[in-house]
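What follows is calculated from the coordinates using simple rules that are stated; it is not laboratory data. Predicted, not measured: the structure shown is a model, and the values here were computed from it. We place every Cβ from the backbone using ideal geometry, glycine too, and count neighbours over all the protein chains shown.
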Amino acid sequence: MLKIVVLPGVGFNEYDKTYHKFIKTLQERTKANVGFFNWMHDSHCESHCDKHILKDNNLRGKFFRRWVSEIILDFQSVILKSDKIKIPEAEIYIGHSAGSILALNKKPEKKIISMGSPAHLIATDFKLDRERMLNIIHKNDPIAYPIEGIENFFFDSSILGVSKYLPLSAHSEYWKSKKVIDKILKQIRKWEND
């Protein structure tokens, strides 16, 4: 039986029904063994939580700045500590945000679908294979970038332009989008038929 491991990003909440619906849809439509691997560890925040506390009251956009600093520090943590994170074996990995960096860093020889990935911005030696990777990008996601040399699938889930004005919300739209699920299913079928 095909095994798919989903590596969520930093904001993963195992009790959020959105994630479970995503997994259930993949399981039902692929007949694969699909599950999340919550790679976060207990000491995750201890090493950098104080770095994104803004001490200067002259800065504007504290919420946005805190979010950006948390994202940057989490990607840094993933790169620096990925050798200590043991990912379950699977044929296919679906990584969102920092989870995509973990998949690319740990399992480059496997088939990988990345969603909301900043891999283009991370200076590492990812060994990318066009035949084994798909990168999914929400057009309004400020974290996601195209990756050169592989297939990049762009989508937009804006309802009345909401994610155009709240781009941070676009970063979590991957889990809810029918376009994303359909593209993932199409890619899995292609890999199974090759």
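Going from the fewest other Cβ atoms within 10 Å to the most, the residues 39, 175, 67 appear in the order 67, 175, 39. Each peptide in 135-147, 10-22 receives the mean, over its residues, of other Cβ atoms within 10 Å, and ordering these scores from highest gives 135-147, 10-22. Shape class of segment 1-42 from the alpha-carbon gyration tensor: oblate, with a/c at 1.5 or above and b/c at least as large as a/b.
Given R0 = 22 Å, the distance between the Cβ atoms of residue 13 and residue 69 translates into a calculated FRET efficiency of 0.60. Which of rounded, prolate or oblate describes segment 113-158 when judged by the alpha-carbon gyration tensor and an a/c cut-off of 1.5? Judged from the Cα gyration tensor, segment 113-158 comes out oblate (a/c at least 1.5, b/c at or above a/b). The residues 181, 112, when put in order of fewest to most other Cβ atoms within 10 Å, stand as 181, 112.
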